[in-house]
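A.B. asks: One structure, pasted below without further comment.
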Amino acid sequence: MPLVSLAGSAAVGAGLTALWHGGVATVTLPLGLPWLPWRVRIDTLSAFFLAVIGVVTIACGVYGTTYARGLERGRDSLPVLGGFTGLFVAGMLMVVLADDAFLFMVSWELMSLASYFLVAFHHDQAANRRAALLYLIMAQVGGLAILLGFSVLAAYGGGFAFENMRGAHLSFTWASVAFVLAFVGFGMKAGLVPLHAWLPEAHPAAPSHISALMSGVMLKVAVYGFIRFVLDLTGQAYWQWGVAVLITGSLSALMGVLYALLQHDLKRLLAYHSVENVGIIFIGLGLSLLFLSTGHVLLAALGLVAALYHTLNHALFKALLFLGAGAILHSAHERDLEHMGGLLRRMPWTGLFFLVGCLSISALPPFNGFVSEWLTFQTALQVWQLDSGVLRSLVPIAAATLALTGALAAACFVKVYGVAFLGRARSRHVRRARPVPPGMQAAQGMLAILCVLFGVFPTSVVAVLNAVPVQLLGRGLPQITAHGGLWLTPVAPATASYSAPLVVLSLAGMAGLVVWIWRRGAARRVRRCDPWDCGFARPTPRMQYTATAFAQPIRRVYGMLFQIDEGAEPQADGSARYHLQVGDRAWGLLYVPVVSAVESAARRVVRIQSGSVRIYLGWTLATLLVLLWIIS
Amino acid sequence: MDHFLTLVAWGWAGAQALCYALLAPLLVGWIRKCKARLQNRRGAPVIQPWRDLIKLMGKEVRVAHTASILFRAAPYIVFVATWLAAATVPLAASTLPTAAMADIIVLVGLLALARFFLALAGMDVGTAFGGMGASREMLVSALAEPAMLMAVFTLAMSAHSTNLASVVDSQLAAGLVLRPSLLFALAALILVAVAETGRIPVDNPSTHLELTMIHEAMILEYSGRHLALMEWAAQIKLMLYGVLIANVFFPWGISQSLEPASMAIGLGAVVLKLAGLGILLAAAETVLAKMRLFRVPAFLNLALLLGLLGLLGYVILEVGA
């Protein structure tokens, strides 16, 4: 595990250096196929993703050393966990460094396979085995789509090196075929609706620091692949692509947060929030494509920066939240919100860091999630510059979805924090929770501090990120630092400005003023007493609102979007038992038909399986003859 | 932007923030007075809310055994975030640096920050009422916040700026023109303001011991100076929405320079506008009845639809014109 952290620090160092210098470095490794050596290249885009992967890897490495000790029981072996974690991180780092489709696919599959074994780590539970299998199937289908997408580009570019692909000239039809394949492949890995259903199954099944890596970073590798493929390799942009990305992104954001609201398993809830946040990233990318296709390169750069900023932020706060969930699991052995409560007093540091994560993911100022949503809104607000009335009216609807998503995310994290950390413990083992070891706290603290820093000093971050659009689109945002480091002015100072440091200063100053007046004027006695609760005597912990109860109004308002099985059965002793099952509609609409189609196809094919070796040999011979005939 | 980033301008911005804090209780007192007159009562004097606040400050604080540190920090966070949000809305002059520091989206974000902690504080003691209030507040806000953003986006797009001062300036420059997008945005913003400040027909600010309450349920456990801060924050929020509606849609009278004389005129104008809005609100609350909680989503979806219509009306009809 310390080795993993070291690898992470190396990645951060390399990434930041490359981002600062903004150059391109290429190396050809003497590995791989004879006619196709592995090419490695680092430019600003891969440097950025390298740094993101590195930061989260450091935290997860520090955290994992302690956390994994708590996992040691029975047949789970730590060397397996450590080894596959190393392979997993190596795969991710190689994906962003690859400069030809061959190395890209090899590292991509390395990443997918290593993470499959990590998902299946607790394989003694049937649900985890099922989740891992589903994950493997989806990863392979997605990988196949990406491979086909690369083949289209390679066929026109005359080689598997990215350099050749950049030179390819594709017609709109073929470019769109490649785009759709890449969108499906990378979108499947990133968890876009409606291909997301594997994600909330697979991510929570892994150990918590691996969940943090998968949700925080692996999804970002898919985002990287998409940006690399569409903005760099195809080198074209059509408004149809932008619209497709924008609509898918908005749907993912909204559905992700709505499903998250109804979960009461903490890690599952966080996994659904990844769907939401990837949706927000793709809204930014969609806007960028839309503006790029209509020739507004400056606004395309703004959309790209917004998407990249959100990528960074989501990596930080989602990793932070997963590590927090892991800390609760470690010390209270509980994943279900319905049994938690009052953890803030049991684990004050984890509680504080988790609060920072909640505030960041709910896009509240002055934390980092707010800045990227602010930038996305600013991009959307420039829509009046488009010529087409249809596109002009589409973007505001996407912005409305984003606004709704943000508000619902805040509701969801009030639920999470209020139920888990505030109030009173709802079960005995949660009441006895202890603070986690310092190593785990340090990892959470590091991510929490970064969340605050990236929220309070956005101008410096955007100025660094600006190197990516400069290299990729040929133009950056010239006005960012027009008024110095205090003011974030993405388009122009007159259009929009936000000064996070001054907002924080004002908040602090006003709070100081209030406290000062209070100290002088107000009565200072504080007396502890029983809760008032409108005069109800001694409320018990069971009388608190639960996570399900908290989300009930929202479940009722958006009921038609879910598959809800709810009811109360009378029991033998005269009491009634309430049950509630919320299903994902994507299962019924997409996955079940595909599975049944595959099964019926398999049933047809099974007829040739007779068990006789001679007949099999006959089939083989016939196939060989047909193939030879086709080739000759 | 530079020309008003001077120390003097920051000083005036501070004075404006103090104005908000001082005037907000009076606005609430005025609305209560109007309501009482409409109901044939004499009513308490307009400064009664101030008297209540001062009295609360002098009382001792009682905190439940089960409350955590967040319970005691929340009133300060809620108050300061709401106050800063209010300070970014131009009150008497549109040339203050606060509007550049935090634009409309930040304003909505700061209000969301205050609400986040308000709801958490409601859940902290672990009583049934607190959780209920928090759950309902988050439902209302989840529906109201997008509607509010749609309304302000309409304004921002027509002014080509999310800076509230620029929005006011462009409204002044446009003069009295009847534009469909602005009408829709105004309607949406009024509905949102009613829902967000907890007025009838969404919530009843003067109710206690009722299963229908939202805001009061969250602050049920507060007392003393903590309660004073929570109440004061709610009053500032009401004034914020009033000033937003008054100064953005009817900006006439607001000062565009830092001359004390014109700022005094601006302050007088905004006080008159707020008094008018207060009478309207009191009249509306007298004739309307509170609705069931599950009618509220329909009410707020109407607001969202109006906001979206305003925005679409702008991008389809008015961009080229």
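The values are calculated or read from the model by the stated rules, or taken from the named source; none is laboratory data. In this text, all values refer to a predicted model and were calculated from it rather than measured experimentally. Neighbour counts are summed over all protein chains in view; Cβ atoms, including those assigned to glycine, are modelled from backbone coordinates with ideal geometry.
A.B. asks: Taking the stretch B:85-104 as the region of interest, how many residues are assigned to a helix (DSSP H, G or I) and of a type in the set (Val, Ile, Thr)?
C.D. replies: Of all residues in the stretch B:85-104, those assigned to a helix (DSSP H, G or I) come to B:85-87, B:98-101, B:104.
Filter again for of a type in the set (Val, Ile, Thr), leaving B:98, B:104.
Qualifying residue count, the stretch B:85-104: 2.
A.B. asks: Regarding A:Ser632, is this residue farther than 30 Å from A:Val141 by Cβ, among the polar types (S, T, N, Q) and modelled with pLDDT under 80? Steps first, please.
C.D. replies: Values: farther than 30 Å from A:Val141 by Cβ: yes; among the polar types (S, T, N, Q): yes; modelled with pLDDT under 80: yes.
So A:Ser632 passes the test.
A.B. asks: Answer yes or no: is there a residue in the stretch B:243-261 that is of a type in the set (A, V, I, L, M), surrounded by fewer than 20 Cβ atoms within 10 Å (Cβ to Cβ), more than 14 Å from chain A (Cβ to nearest Cβ) and touching a residue at least 60 places away in the same chain (Cβ under 8 Å).
C.D. replies: So far as the stretch B:243-261 goes, yes, one or more of its residues are of a type in the set (A, V, I, L, M), surrounded by fewer than 20 Cβ atoms within 10 Å (Cβ to Cβ), more than 14 Å from chain A (Cβ to nearest Cβ) and touching a residue at least 60 places away in the same chain (Cβ under 8 Å).
A.B. asks: Let me ask something else about it. Any idea which of A:Val436, A:Val491, A:Val456 is among the β-branched types (Val, Ile, Thr) and touching a His at 6+ places or on another chain (Cβ under 7 Å)?
C.D. replies: On the way: A:Val491 fails: touching a His at 6+ places or on another chain (Cβ under 7 Å); A:Val456 fails: touching a His at 6+ places or on another chain (Cβ under 7 Å).
Exactly one of A:Val436, A:Val491, A:Val456 is among the β-branched types (Val, Ile, Thr) and touching a His at 6+ places or on another chain (Cβ under 7 Å), namely A:Val436.
A.B. asks: Of the residues A:Ser176, A:Ser115, which is closer than 26 Å to A:Ile42 by Cβ and not β-branched (Val, Ile, Thr)? Break it down into steps so the answer makes sense when it comes.
C.D. replies: Values: A:Ser176 fails: closer than 26 Å to A:Ile42 by Cβ.
The conditions single out A:Ser115.
A.B. asks: Since A:Thr379 meets every condition but one in (1) surrounded by 24 or more Cβ atoms within 10 Å (Cβ to Cβ); (2) within 9 Å of chain B (Cβ to nearest Cβ); (3) not in a loop (DSSP other than H, G, I, E, B), which condition does it not meet?
C.D. replies: (2)
A.B. asks: Go through (1) exposed (fewer than 10 other Cβ atoms within 10 Å of the Cβ); (2) in a loop (DSSP other than H, G, I, E, B) one by one and return the number of the condition A:Glu569 breaks.
C.D. replies: That leaves (2) as the condition not met.
A.B. asks: Taking the condition at pLDDT below 90 and surrounded by fewer than 16 Cβ atoms within 10 Å (Cβ to Cβ), does A:Arg392 pass? First the steps, then the outcome.
C.D. replies: Working: at pLDDT below 90: yes; surrounded by fewer than 16 Cβ atoms within 10 Å (Cβ to Cβ): no.
In short, no.
A.B. asks: Take the stretch A:326-350 and flag every residue that is more than 14 Å from chain B (Cβ to nearest Cβ) and touching a Gly at 6+ places or on another chain (Cβ under 6 Å).
C.D. replies: Across the stretch A:326-350, the qualifying residue is only A:His330.
A.B. asks: Here is a follow-up. It is to be established whether one or more residues within the stretch A:502-524 are more than 25 Å from B:Ser223 (Cα to Cα) and in contact (Cβ under 8 Å) with a residue 60 or more places away in the chain. So that I can check it myself, show each step before the final result.
C.D. replies: At the first step, the residues of the stretch A:502-524 found to be more than 25 Å from B:Ser223 (Cα to Cα) are A:502-506.
Okay, now just the ones that are also in contact (Cβ under 8 Å) with a residue 60 or more places away in the chain, so A:503-504.
There is at least one residue in the stretch A:502-524 that is more than 25 Å from B:Ser223 (Cα to Cα) and in contact (Cβ under 8 Å) with a residue 60 or more places away in the chain.
A.B. asks: Just to be sure I understand, how many residues within the stretch A:384-394 are out of contact with any Phe, Trp or Tyr (no Cβ under 9 Å at 6 or more places or on another chain) and within 8 Å of chain B (Cβ to nearest Cβ)? Outline the logic, then answer.
C.D. replies: Initial filter on the stretch A:384-394 (out of contact with any Phe, Trp or Tyr (no Cβ under 9 Å at 6 or more places or on another chain)): A:387, A:389-390, A:393-394.
Narrowing further to those that are within 8 Å of chain B (Cβ to nearest Cβ): A:389, A:393.
Number of matching residues: 2.
A.B. asks: Moving on. What about A:Val526, is it surrounded by fewer than 16 Cβ atoms within 10 Å (Cβ to Cβ), out of contact with any Ser or Thr (no Cβ under 6 Å at 6 or more places or on another chain) and among the hydrophobic types (A, V, I, L, M, F, W, C)?
C.D. replies: Values: surrounded by fewer than 16 Cβ atoms within 10 Å (Cβ to Cβ): yes; out of contact with any Ser or Thr (no Cβ under 6 Å at 6 or more places or on another chain): yes; among the hydrophobic types (A, V, I, L, M, F, W, C): yes.
Yes; evaluated as a whole, the condition is true for this residue.
A.B. asks: Here is a list of conditions, (1) among the hydrophobic types (A, V, I, L, M, F, W, C); (2) more than 9 Å from chain B (Cβ to nearest Cβ); (3) closer than 30 Å to B:Asp124 by Cβ, and A:Val419 meets all of them except one; can you say which number that is?
C.D. replies: All conditions are met except number (2).
A.B. asks: With a cut-off of at least 2 residues that are at the interface with chain A (Cβ under 8 Å from one of its Cβ atoms) and surrounded by 24 or more Cβ atoms within 10 Å (Cβ to Cβ), name the helices (runs of 4 or more DSSP H) lying wholly within the stretch B:105-198. Write out each step before concluding.
C.D. replies: Details: elements: B:128-159, B:164-174, B:180-196.
Here the list reads B:128-159.
A.B. asks: May I ask you to verify whether B:Leu272 is within 18 Å of the chain's Cα centre (by Cα) and not basic (Lys, Arg)?
C.D. replies: On the way: within 18 Å of the chain's Cα centre (by Cα): yes; not basic (Lys, Arg): yes.
Considered against the rule, which asks whether it is within 18 Å of the chain's Cα centre (by Cα) and not basic (Lys, Arg), B:Leu272 comes out as yes.
A.B. asks: A:Ala496 is checked against (1) at the interface with chain B (Cβ under 8 Å from one of its Cβ atoms); (2) surrounded by fewer than 20 Cβ atoms within 10 Å (Cβ to Cβ) and fails just one. What number does that condition carry?
C.D. replies: (2)
A.B. asks: Next up: Select from the stretch A:454-493 the residues that are closer than 30 Å to A:Phe229 by Cβ and small (Gly, Ala, Ser) and write down the one among them that is surrounded by the fewest Cβ atoms within 10 Å (Cβ to Cβ).
C.D. replies: A:Gly474
A.B. asks: Kindly indicate whether B:Ile265 is of a type outside the set (Ser, Thr, Tyr) and over 21 Å from B:Leu23 (Cβ atoms). Break it down stepwise before answering.
C.D. replies: On the way: of a type outside the set (Ser, Thr, Tyr): yes; over 21 Å from B:Leu23 (Cβ atoms): no.
When the stated conditions are applied, B:Ile265 does not pass them.
A.B. asks: Here is a further query. Looking at B:Val28, is it in contact (Cβ under 8 Å) with a residue 24 or more places away in the chain, surrounded by fewer than 14 Cβ atoms within 10 Å (Cβ to Cβ) and either farther than 18 Å from B:Leu220 by Cα or away from chain A (no Cβ under 12 Å) (or both)? Steps first, answer last, please.
C.D. replies: Working: in contact (Cβ under 8 Å) with a residue 24 or more places away in the chain: yes; surrounded by fewer than 14 Cβ atoms within 10 Å (Cβ to Cβ): no; either farther than 18 Å from B:Leu220 by Cα or away from chain A (no Cβ under 12 Å) (or both): yes.
Judged against the criteria, B:Val28 is not a match.
A.B. asks: Restricting to the stretch A:80-102, name every residue that is within 21 Å of the chain's Cα centre (by Cα) and either buried (at least 20 other Cβ atoms within 10 Å of the Cβ) or closer than 20 Å to A:Ala205 by Cα (or both).
C.D. replies: A:Phe84, A:Thr85, A:Gly86, A:Leu87, A:Phe88, A:Val89, A:Gly91, A:Met92, A:Leu93, A:Val95, A:Val96, A:Leu97, listed by residue number.
A.B. asks: Take A:Met105 and tell me if it is surrounded by fewer than 18 Cβ atoms within 10 Å (Cβ to Cβ), at pLDDT 90 or above and in contact with a Phe, Trp or Tyr (Cβ under 8 Å, 6 or more places away or on another chain). Before you say what the answer is, go through the steps one by one.
C.D. replies: Numbers: surrounded by fewer than 18 Cβ atoms within 10 Å (Cβ to Cβ): yes; at pLDDT 90 or above: yes; in contact with a Phe, Trp or Tyr (Cβ under 8 Å, 6 or more places away or on another chain): yes.
Here the answer is yes, as A:Met105 does meet what is asked.
A.B. asks: Here's another thing I want to ask about it. Could you tell me whether A:Met560 is aliphatic (A, V, I, L, M) and surrounded by 11 or more Cβ atoms within 10 Å (Cβ to Cβ)?
C.D. replies: no
A.B. asks: In addition: Looking only at the stretch A:469-503, count every residue that is under 24 Å from B:Ile77 (Cβ atoms) and in contact with a Gly (Cβ under 9 Å, 6 or more places away or on another chain) and tell me the total. Can you show your working first?
C.D. replies: Within the stretch A:469-503, the first condition is being under 24 Å from B:Ile77 (Cβ atoms), and the residues that meet it are A:486, A:488, A:498-503.
Pick out the ones that are also in contact with a Gly (Cβ under 9 Å, 6 or more places away or on another chain) and you get A:500-501.
Final tally of qualifying residues: 2.
A.B. asks: Only one of (1) surrounded by fewer than 23 Cβ atoms within 10 Å (Cβ to Cβ); (2) not in a helix (DSSP H, G or I) fails for B:Leu70. Which number is that?
C.D. replies: (2)
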